[in-house]
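J.: Structure in structure tokens, see below.
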Amino acid sequence: FIRWKHQQDPKANPSFIFSANVNAGSSTYHKNNSFNANDYLSNTFQSSINLTRKWDNLPLNLSSNLRHSQNTQTKIVNLAVPDINFNMNRIFPFKDIGKKGKINWINKTGISYNLNVKNSLSIADSLLFTKTSIANLRNGAQHNIPISTSMKIFNYFTLSPKINLKERWYLSQIEKKWNGNQIITDTLNKFTRGHEYQFSTSLNTKIYGIVNFNKNKIKAIRHVVTPNLSFNYRPDFSNVKYGYYKNVQIDSLGNTQIYSIMQ
């Protein structure tokens, strides 16, 4: 059984922070070795190891988290090994393009990036360090890239187009088949990617007005009207032409059902 607790002084290195709180072991350890009632009667154990990294003068930051939980009665262990999040804050890569002192839509084009990686495992503790654990490991990565800008139209209108790109990566996919009696689900160990995108834009302006009341206690009322027109487009990625969804026969009558290969 392992107990480990580590807490870094935040002043030691503000750009690199590491902490750990580990409480893990075999399901029968306390039953066989402990004289502490709290340990002996405890059914669950949890652990967490965290790492955060920031880069000076760069819009980048990274965080990684390894989590563990187990139940000594069911003897099931759940692991996140690990979850990773990498971010790039919004940057303007084209801000220096064009004439100095003149700003146009390309100068105001901003791009940011986010990567989220997940690795999870739920398994009996007796199988934890076997080949079965590798086969049951579930993992995936998601990339997200939002791009946006704004521009003036006819001096009074602001047009703000945005596009969001998203892509998911997996190391496996599923395939379902009808064998004549039931649906058989197979896991195919092959790299699988799925993408989607969404485009939106909005057009807005502000109209100012004043109503005068010279003969009343209220001299005038100033009002602002902000009309807005927006448009959003996202393709239907469940369409079979993208290959992310497939049909499978579900009964002897020939009825079919749609399923996701990345389910």
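Just so it is clear, none of the values below were taken in a lab; they were calculated from the coordinates. These figures come from a predicted structure and were not determined experimentally. Here Cβ is always computed from backbone atoms with ideal geometry, including for glycine, and neighbour counts include all displayed protein chains.
J.: Compute, for segment 163-241, the length of the dipole vector about the Cα centre, with Cβ point charges of +1 (Lys, Arg) and -1 (Asp, Glu) only. Units Debye, rounded to 20.
T.: 700
J.: Report relative contact order for segment 73-217 in percent, whole number only (criteria: Cα-Cα under 8 Å, sequence separation at least 6).
T.: For segment 73-217, the relative contact order is 18 percent.
J.: Which Cα, out of Asn71, Thr109, Ile134, lies furthest along the positive dipole direction of segment 1-152 (beta carbon charges, K/R +1, D/E -1)?
T.: After comparing all options, I get Thr109.
J.: Give me the percent relative contact order of segment 124-199, please, defined on Cα pairs under 8 angstrom at least 6 residues apart.
T.: 26
J.: Which of the pairs Lys108/Lys241; Lys152/Lys241; Lys190/Lys241; Lys118/Lys246; Lys75/Lys177 have their Cα atoms more than 30 Å apart in this structure?
T.: Exceeds cut-off: Lys108/Lys241; Lys152/Lys241; Lys75/Lys177.
J.: Separate question: If you bin every alpha carbon distance in the chain into 10 Å steps from zero, what whole percent lands in each bin?
T.: Histogram of Cα-Cα distances, whole percents per bin: 5, 16, 19, 20, 17, 12, 6, 3, 1, 0.
J.: Work out the length of the dipole vector of segment 35-186 about its Cα centre, built from +1 on the beta-carbon of each Lys and Arg and -1 on the beta-carbon of each Asp and Glu, and round it to the nearest 20 debye.
T.: Its charge dipole is roughly 940 debye.
J.: Packing-wise, with mean Cβ within 10 Å as the measure, how do 30-40, 146-156 rank, highest first?
T.: Highest to lowest by the protection proxy: 146-156, 30-40.
J.: Continuing with this model, one more query. Ordered by residue, what ³J(HN,Hα) values in Hz, to whole numbers, does segment 165-174 give under the Karplus form 6.51 cos²θ - 1.76 cosθ + 1.60, where θ = phi - 60° and Gly and Pro are x?
T.: Once rounded to whole Hz, the list reads 9, 9, 9, 10, 10, 9, 9, 7, 8, 10.
J.: Moving on. If packing is taken as the average count of other Cβ atoms within 10 Å, what order do 157-169, 9-21, 211-223 fall into, highest mean first?
T.: 157-169, 9-21, 211-223
J.: Between segment 79-145 and segment 1-54, what is the separation of their alpha carbon centroids in Å?
T.: Cα centroid to Cα centroid, the span is 27 Å.
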